[in-house]
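Worksheet for the structure shown next.
The values are calculated or read from the model by the stated rules, or taken from the named source; none is laboratory data. Note that the coordinates shown come from a computational prediction; the quantities given were computed from them, not determined experimentally. In this analysis, Cβ positions are derived from the backbone assuming ideal geometry, glycine residues included, and neighbour counts consider all displayed protein chains.
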Amino acid sequence: MDDRRLARVAFSFAAAILPLSGCGAPGPSGAGGALPTIGTAFVPPGTTHRSWISPAAKSAKQLLYVGDPNAGVIDIFSLHHLKYTLIGQIGDLNSPQGMTTDAAGNLYVADIGVATEGPVPGDIAVYHQGAVLPFRFIVPASWTPFDLAVSRNGTIYSANIAPIASFTPGSVSVFKTNSDQPVRVLHLKNFQVDGIALHAHSNTVYITYDTGQTGRIASFTHARGKAKDLGVSFASPWGLMEDGAGNLLACSGPGQIYVYAEASGALKQTIDVPNATMFEAFNHQRSLIFVSNFEQVEILSYPAGNVVGSVTQPGWSKSSWPTGVAVWPPP
């Protein structure tokens, strides 16, 4: 993917959060309207219920969730080693982006919204495992969520790409369990905030952000106070992960995952991903990385960084790509 393609990709996401007056722009699959139609479930042959749960899902030890905005769904796969099977879908016409899971099996989805007429707020939707309707649905008052992290006590940390109906700057919102209002919003000088990761023990929040010219990483200690810049720079920031061993894995759009030491910012490793990198997720053992690459989902070994498999789906392509990825159980 060249720089011009990256610029078009970045603009297409930003356009979804800008007000469009009188144009009636369609959503994914031609569906209009700013609010999501949730609950259009994939029903395996021979079943009549509206849940995507199937015998394969009930027995699956690992699940992979992949956002598919162009189809207006979140695809759910069962995983067994490097083999995968589509076992269901959650209808989501509101452009799902970053997502994550918790140990209880809940799925957290950041929707940036689909531009129609007027400001598009986006939302945060939380699903019980096996459900097609969210049990928690947050429409932020001021910010458009783009990526999510969740703590063990259920606190949600939202990387906000920009204010509603604006292009810049981004921020981080903190939502306590069962609250639809942020307890605080963390600010820093930036163009847009793209990815977010949480250190499980310290609750330090790390973000990737765009300065308008380059990608950087910053942290908020204990999810409070002023941002501390890590002192690194890379192209086209997207998703971010923490590996449990003091390192941050930052997705760079041209096709790299940069592994930086949290303490010093030293570059420890560069992992090449075919085509590009967007969002990423570890498996439970942190031995595999699932990376959406503006075409499909690549599976890489960690820390070796070798491509060991791919997840594909009819309809996925360079012009109709999957977005956010999440694996259950989480690391």
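Go through the stretch 298-319 and give me each residue that's farther than 12 Å from Leu82 by Cβ and buried (at least 19 other Cβ atoms within 10 Å of the Cβ).
Tyr302, Trp316 - these are the residues of the stretch 298-319 that are farther than 12 Å from Leu82 by Cβ and buried (at least 19 other Cβ atoms within 10 Å of the Cβ).
Residue by residue through the stretch 169-190, note down the ones that are at pLDDT 95 or above, more than 17 Å from the chain's Cα centre (by Cα) and among the polar types (S, T, N, Q).
Within the stretch 169-190, Asn190 is the sole residue that qualifies.
Can you find a residue that is small (Gly, Ala, Ser), surrounded by 20 or more Cβ atoms within 10 Å (Cβ to Cβ) and assigned to a loop (DSSP other than H, G, I, E, B) anywhere in the stretch 166-181?
If we filter the stretch 166-181 for residues that are small (Gly, Ala, Ser), which is where we start, we get 166, 170-171, 173, 179.
Retained after the next criterion (residues that are surrounded by 20 or more Cβ atoms within 10 Å (Cβ to Cβ)): 170-171, 173.
If we keep only those that are assigned to a loop (DSSP other than H, G, I, E, B) too, we end up with 170.
Within the stretch 166-181, one or more residues are small (Gly, Ala, Ser), surrounded by 20 or more Cβ atoms within 10 Å (Cβ to Cβ) and assigned to a loop (DSSP other than H, G, I, E, B).
Condition first: in contact with a helix residue (DSSP H, G or I) (Cβ under 9 Å, 6 or more places away or on another chain) and not in a loop (DSSP other than H, G, I, E, B). Can you find one or more residues in the stretch 93-106 that meet it?
yes
Which of the following residues is more than 18 Å from Val66 (Cβ to Cβ), touching a Gly at 6+ places or on another chain (Cβ under 9 Å), of a type in the set (D, E, K, R) and modelled with pLDDT of 95 or more: Asp123, Asp147?
On the way: Asp147 fails: more than 18 Å from Val66 (Cβ to Cβ).
Within the list Asp123, Asp147, the selection yields Asp123.
Which residue out of Ile74, Ile124, Ile90 is surrounded by fewer than 24 Cβ atoms within 10 Å (Cβ to Cβ), touching a Pro at 6+ places or on another chain (Cβ under 9 Å) and not in a loop (DSSP other than H, G, I, E, B)?
On the way: Ile74 fails: surrounded by fewer than 24 Cβ atoms within 10 Å (Cβ to Cβ); Ile90 fails: surrounded by fewer than 24 Cβ atoms within 10 Å (Cβ to Cβ).
Exactly one residue qualifies, and that residue is Ile124.
Do you know which of the residues in the stretch 131-160 that are assigned to a loop (DSSP other than H, G, I, E, B) and of a type in the set (S, T, N, Q) is surrounded by the fewest Cβ atoms within 10 Å (Cβ to Cβ)? Before you say what the answer is, go through the steps one by one.
Pass one, the stretch 131-160, residues assigned to a loop (DSSP other than H, G, I, E, B): 131-135, 139-142, 151-155.
From the residues that got through so far, the ones that are of a type in the set (S, T, N, Q) too are 142, 151, 153, 155.
Numbers: Ser142: 14, Ser151: 18, Asn153: 9, Thr155: 17.
Among residues in the stretch 131-160 that are assigned to a loop (DSSP other than H, G, I, E, B) and of a type in the set (S, T, N, Q), the one surrounded by the fewest Cβ atoms within 10 Å (Cβ to Cβ) is Asn153.
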